[in-house]
């Protein structure tokens with residue numbers, strides 16, 4: 001099936017922009033410098049008061065009060081919570097980067113309970129347990145995950161692992177870059193960019209659980225070799241099977257545990 005004309009035009013424009021960036025480096029450098037100068041002299045001074053205001057509102061706990069007044073409108077239009085309404089308003093007033101940071105800060109403040117964290121872990125495990133087993137080591141890994149984690153210790157284990165890995169967060173960033181680089185272009189054929197983002201985040205969440213298990217079994221240590229072994233095990237089970245990939249892609253569309261708001265919340269369990 002031939003891709004539609006609009007899709008072809010989109011990718012042609014993207015390629016043209018990349019070509020300009022590569023063929024006209026002097027113009028690109030000058031434009032970048034002018035943009036940074038504009039940000040420093042105009043944008044930052046204009047947005048700084050909003051940054052201070054937002055920080056103060058969060059510190060004194062006024063975000064929910066402000067969100068309460070915005071809730072009737074934003075909830076009806078976008079289905080947002082009261083905190084989400086406040087973050088959206090900050091984004092409108094001071095730019096989407098600060099809006100995104102505000103949303104992340106609010107998620108961190110909205111502490112998850114051990115019961116909620118463990119329930120999310122079980123829901124993920126149930127879906128990954130449905131995959132075709134390609135390696136006996138994967139089968140053993142699932143059993144060890146089930147045996148090691150329970151409602152009373154799961155969230156604590158994840159947070160202890162996260163605290164011990166301060167300075168190594170870039171390793172998860174590299175994994176996200178890999179997943180995005182490898183699978184993003186598939187959206188050219190199915191127009192489902194969200195699905196590719198869900199695959200990347202779900203992979204990070206599952207790998208994080210497996211990492212925490214190694215950390216627990218090793219008595220509080222997690223080496224680079226452990227990182228490689230876990231990533232290889234996950235990749236062999238999930239990425240080396242087209243059937244398993246298709247199964248997860250279908251789950252991403254219909255399972256609540258993989259809904260974007262749920263996955264974002266799970267990412268901040270360790271915070």
Look at residue 235 and say whether it is surrounded by fewer than 18 Cβ atoms within 10 Å (Cβ to Cβ), within 20 Å of the chain's Cα centre (by Cα) and either modelled with pLDDT of 85 or more or closer than 20 Å to residue 174 by Cβ (or both). yes
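When you scan segment 199-218, do you find a residue that is in a loop (DSSP other than H, G, I, E, B), surrounded by fewer than 13 Cβ atoms within 10 Å (Cβ to Cβ) and in contact (Cβ under 8 Å) with a residue 40 or more places away in the chain, even just one? Quick ask: steps written out before the conclusion?
Within segment 199-218, the subset in a loop (DSSP other than H, G, I, E, B) is 218.
Remaining after also requiring surrounded by fewer than 13 Cβ atoms within 10 Å (Cβ to Cβ): 218.
Checking which are in contact (Cβ under 8 Å) with a residue 40 or more places away in the chain leaves us with none.
Within segment 199-218 (the criterion being in a loop (DSSP other than H, G, I, E, B), surrounded by fewer than 13 Cβ atoms within 10 Å (Cβ to Cβ) and in contact (Cβ under 8 Å) with a residue 40 or more places away in the chain), the answer is no, since none of the residues qualifies.
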Quick one: residue 135 ticks every box in (1) touching a helix residue (DSSP H, G or I) at 6+ places or on another chain (Cβ under 6 Å); (2) surrounded by 15 or more Cβ atoms within 10 Å (Cβ to Cβ); (3) closer than 23 Å to residue 215 by Cβ bar one, so which box is it? (2)
So, in segment 184-197, exactly how many residues are more than 16 Å from residue 263 (Cβ to Cβ) and surrounded by 14 or more Cβ atoms within 10 Å (Cβ to Cβ)? 3
Quick one: in segment 238-248, which of the residues that are surrounded by fewer than 18 Cβ atoms within 10 Å (Cβ to Cβ) and either in contact (Cβ under 8 Å) with a residue 40 or more places away in the chain or touching a helix residue (DSSP H, G or I) at 6+ places or on another chain (Cβ under 9 Å) (or both) is farthest from residue 162 (Cα to Cα)? 243
So in segment 147-156, with the set limited to residues that are closer than 10 Å to residue 121 by Cβ and in a helix (DSSP H, G or I), which one is farthest from the chain's Cα centre (by Cα)? 154
Might you let me know whether segment 173-185 holds any residue that is in contact with a helix residue (DSSP H, G or I) (Cβ under 9 Å, 6 or more places away or on another chain), modelled with pLDDT under 85, part of a helix (DSSP H, G or I) and within 23 Å of residue 242 (Cβ to Cβ)? yes
If we keep only residues of segment 186-196 that are part of a helix (DSSP H, G or I) and in contact (Cβ under 8 Å) with a residue 24 or more places away in the chain, then the residue nearest to residue 251 (Cα to Cα) is 195
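Within segment 108-116, identify whether any single residue is at pLDDT below 90, touching a helix residue (DSSP H, G or I) at 6+ places or on another chain (Cβ under 6 Å) and surrounded by 12 or more Cβ atoms within 10 Å (Cβ to Cβ), and answer yes or no. Lay out the reasoning, then the answer.
Start the filter on segment 108-116 by keeping residues that are at pLDDT below 90, which leaves 108-116.
Those still in the list that are touching a helix residue (DSSP H, G or I) at 6+ places or on another chain (Cβ under 6 Å) too: 114.
From what's left, surrounded by 12 or more Cβ atoms within 10 Å (Cβ to Cβ): 114.
The answer is yes, given that some residue of segment 108-116 is at pLDDT below 90, touching a helix residue (DSSP H, G or I) at 6+ places or on another chain (Cβ under 6 Å) and surrounded by 12 or more Cβ atoms within 10 Å (Cβ to Cβ).
The values are calculated or read from the model by the stated rules, or taken from the named source; none is laboratory data. Quick caveat: nothing in here was measured; it's all calculated off a predicted structure. Note that each Cβ is placed from the backbone with ideal geometry, even for glycine, and that neighbours are counted across all protein chains shown.
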